[in-house]
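Structure, as structure tokens:
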Amino acid sequence: MKNRILSYHPLNTDTAILLLRLVFGGLMAHHGYSKLIAYDQILPMFGDIIGIGSKLSFNLVIFAEFFCALFIVFGFLTRLSVIPIFITMVVAFFIAHGKDPFQTKELAFVFMTLSIVVSVAGSGRYSVDRFLFGGKDNY
């Protein structure tokens, strides 16, 4: 019998993808929810970073960090839902915190990297996408 712990083969890729989606989406949704419930307090301090207005920018951040993150948790349109999060984290890392030390923008970098990983991995077997679109390779 082979030792599965020392093997280079994955134990269960679909379970790993589920855990990745739950952790990434859950943490991102937590950040979005904190902005959503403190909307009136944060909006006046939120700058117009990319030139589309601070209110629209803030609304787009909440959409990405909360609603798209919930889609990722459930595995619903996962690869599409990752795009707004990735864009938000690119803006946060390179523009909003561009001149800050890495420790300040480290979380944006981690979320940006994880959004790429989730996009590559897809939603996996345990997802709404698999239920809706079926098939072995359609999720």
Out of all the residues in the range 90-110, is one or more of a type outside the set (S, T, Y), modelled with pLDDT of 95 or more and under 9 Å from the mean Cα position of the chain (by Cα)?
-> no
Wholly within the range 13-63, which helices (runs of 4 or more DSSP H) include no fewer than the required count, namely at least 1 residues that are surrounded by 16 or more Cβ atoms within 10 Å (Cβ to Cβ)?
-> 13-37, 54-62
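Per-residue answers, yes or no, for (1) touching an Asp or Glu at 6+ places or on another chain (Cβ under 7 Å); (2) part of a loop (DSSP other than H, G, I, E, B); (3) among the aromatic types (F, W, Y):
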| site | (1), (2), (3) |
| --- | --- |
| C68 | no, no, no |
| F71 | no, no, yes |
| V82 | no, no, no |
| M89 | no, no, no |
| K99 | no, yes, no |
| T104 | no, no, no |
| A108 | no, no, no |
| V120 | no, no, no |
| G124 | yes, yes, no |
Starting from the range 111-135, take each residue that is buried (at least 20 other Cβ atoms within 10 Å of the Cβ) and list its partners that are among the polar types (S, T, N, Q) and assigned to a loop (DSSP other than H, G, I, E, B), counting only C-beta distances under 7 angstrom and pairs at least six apart or across chains.
-> D129/S123
Is there a residue being among the basic types (K, R) and at pLDDT 95 or above anywhere in the range 18-30?
-> yes
Which members of the range 73-93 meet the condition of being over 16 Å from L107 (Cβ atoms) and touching a residue at least 40 places away in the same chain (Cβ under 8 Å)?
-> V73, F74, G75, F76, L77, T78, R79
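The values are calculated or read from the model by the stated rules, or taken from the named source; none is laboratory data. Nothing here was measured: the structure is a model prediction, and the numbers come from that model. Neighbour counts run over all protein chains shown; Cβ positions are idealised from the backbone, glycine included.
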